[in-house]
1. Put one equal scatterer on each alpha carbon of the stretch 114-192, apply the Debye formula with no solvent term, and list log10 I(q)/I(0) at q = 0.20, 0.24, 0.25 1/Å to two decimals.
2. Sort the following peptides by mean Cβ neighbour count (other Cβ atoms within 10 Å, averaged over residues), highest first: 357-367, 45-55.
3. Restricting to DSSP loop positions (anything but H, G, I, E, B) with no more than 11 other Cβ atoms inside 10 Å of their own Cβ, which GluC sites (Glu not before Pro) remain in the stretch 393-478?
4. Of His207, Tyr609, Pro26, which is farthest on the positive side of the dipole of the chain, counting Cα position, with +1 on Lys and Arg Cβ, -1 on Asp and Glu Cβ, and the Cα centre as origin?
5. ³J(HN,Hα) across the stretch 391-397 via Karplus (A = 6.51, B = -1.76, C = 1.60, θ = phi - 60°), whole Hz, x for Gly/Pro?
6. Could you give the length gained on full extension between Ala364 and Arg435, defined as 0.36 nm per residue of separation minus the Cα-Cα distance, in nm?
7. Roughly to the nearest percent, how much of the accessible area of the stretch 350-466 is carbon and sulfur, given a 1.4 Å probe?
8. Starting with the highest mean, order 33-41, 626-634, 660-668 by the number of other Cβ atoms within 10 Å, averaged over the residues of each peptide.
Amino acid sequence: MSQANYPATERDDLVEELFGHRVPDPYRWLEGDVRSDHDVARWVNAQNAVTQRYLATLPGRDVFRERLAALLSYDQFTPPSKRGGRYFFTRTQGRDNQPTLRMKESSDTCDRVLIDPNSWSGDGADALAEWAASDDGTRIAYCVQSGGTDWRTIRILDVASGIVLEDEVRWARHTNLVWTRDGSGFFYSRYPEAEAGKPASAEILGHAVFFHAVGSAQEEDLLIHSDPDRPSVLHLADRSHDGRHLLIYSTPAVGVNALAVIDLTGADWTPRSLIDGLDAEWTVIGTTGRLLYAMTSDRAARRRIVSLDLTLQDPAPCEIVAEDEAVLTGASLLGGRLLATYLVDAKTEIRRFKPDGTPDGTVALPGVGSAGSFHGDEQDNEAFFIYSSFDTPMTVIRYDVAANRSEVWAKVEMSATPRRISVEQRFYASKDGTRVPVSIIRRTDVTHPAPTLLYGYGGFGTSIVPYYSAVHLAWVEMGGVFAVANVRGGGEYGRAWHMEGQFEKRQNAFDDFAAAGAFLKTEGITSADGLAIQGESNGGLLVAAVVNQHPGLFAAALPGVGVMDMLRFHRFTGGALWMSDFGNPDEEEHFNTLLRYSPYHNIQAGEDYPAILATTADTDDRVVPGHSFKYIAALQASHTGSKPKLVRVETRAGHGAGMPLDKVIALHADMWAFAAHWTGLDVEAAAENEIEF
């Protein structure tokens, strides 16, 4: 497409002097809120019109839409939380836009719907977010998420009557819901009420933990913990199983936190600091009497399990389970055993230990995949966890701790099941020789080079583990290859792997991702002109940065909800939290690094770029859509070849969580049709052949 085919975009002459650099920002006006700024709204409408006209011409779009609808039409469950002898869980049934909250009176009775968010809005864009049942199972505190926003409104349901109480708590964000043992109220986290007239994209500060007593007004809620000296830090509450101790995690970033504890049996709920520093991760996994068990990266980059004696004034950690070559990613004290989840080359193992750290065998898994997220009680023999893999939907497993025996608790019934899928893991060398894993998923009969969709994330210590993705299997069914590269910046090999993709070392993540693409071509997995790349959020940044650095390597790029302006990300909503991984743009050392790779600032005019379809949403108040708007405007104004540079802006949607199923189907049908067209994947031919999957 030529520049003349794009909507006209006003260009300002804004140039800033920053640390000796003249930095143009001609599209800053696109940072305005699309829901209230008429100029931005007109630009978005014009861009969406061009994008939709183009997408409507692509063969295979309707095929993908139909197949995605079939593949996503199956029941999905979460592990149950057992409270008062009742089992509470969420279930998405068939083509429901949103999961419903359900209850069973016992493990073998029929379930009953308690909360159905599908009735909350006409477009299905209002969702049930966080929820928690009281210890006796008589009440549910739950969060309402409207139109994809990260803001939450908390309500309370009386389970027996089905009545929603009058209590309403607003301005919650990044929160847990933690009941007191007697059910008199719950702890939650929120920000101060927004000032009138303040833009929705403005920076938000002052996170704090509060207590809400059932039946009271929010104005009466008790402030439990805040940190005015560090207003950008998040504070999250949890609780020991016996109800005695409230735990408060304070974190400026993923992977490090302080830890405080409150004795809830006392009259004065004053936090007592256990861990002051912000140089390691501390996660409480259980208590027995005076001992608090925690998983930590303190003096253990791949984590270990320690205990803290709460009767001591300044308890030193006592090692229970030492650091291993594998990465400890989760642990729980359940049924008198420590159940520890490890990653070995991005695949899960679950190991058992006695409370003193003595090894006690392993937990058998259905296959090679991902497992964990244990739900249960420290004293109860019954526990639940989830299992999934690239070719197996998420399954809820009931686990008998004493017998070390597992059985399927929620059987997944699928109307459309992909068959003959091959999953393999390979390793390749990055630019500096680092060994990086890549998972390759394709049909067993696809042994020749084929159009490939390569996915990556590479940030914040987040591990991309084997998982079932019906949307990606729709690509595989049509004869394409889906590949996942576990690039540096993630947590697949512990904190050291994460740190190798932080700050001035973030270029390692970009090099790893580009090397994955080159490897797939060299190995004959990907066709010569058939490589598309995809990533969301930090992964959107990854995709856009790598396209700037290696435009000729890719046929198509799908950056979703990406962080594109690395010099101003910290000025919007909760963006200051990301400085823990990116660095502070207001500090010269970090600024210089960020300027070198910021997607918005490094578009290479004169290079032949791949086809690009950026995706975002009008209600994304995490990575505000202005990032994608500015990036696409700059691309369209640059001479980067004739392939299209488009943006797709969803309405009444946010960063991804809570998006209704019909919007998920439409979004991915558009993305896959776009990628298929530019990689040479013949979707219509595959559909006409009626290959049995």
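The values are calculated or read from the model by the stated rules, or taken from the named source; none is laboratory data. Because the structure is predicted, anything quoted here is derived from the model rather than measured. In this analysis, Cβ positions are derived from the backbone assuming ideal geometry, glycine residues included, and neighbour counts consider all displayed protein chains. We work out accessible area using only protein heavy atoms, side chains counted, and drop any ligands, DNA or RNA first. Shrake-Rupley method; radii C 1.70, N 1.55, O 1.52, S 1.80 Å.
1. Listed by q, the Debye log ratios stand at -0.88, -1.19, -1.26.
2. Details: 357-367: 14.0, 45-55: 15.8.
Top of the packing list down: 45-55, 357-367.
3. On the way: sites: Glu407, Glu413, Glu424, Glu477; in loops: Glu413.
Those that pass, being in a loop and sparsely packed, are Glu413.
4. Value computed over the given set: Tyr609.
5. 10, 10, x, 4, 10, 8, 10
6. On the way: separation 71, 0.36 × 71 = 25.56 nm, distance 2.85 nm.
Computed gain between Ala364 and Arg435 is 22.7 nm.
7. Values: 2490 of 5110 Å².
Here it works out to 49 percent.
8. Values: 33-41: 16.0, 626-634: 27.1, 660-668: 19.9.
Going by the mean number of other Cβ atoms within 10 Å, highest first, we get 626-634, 660-668, 33-41.
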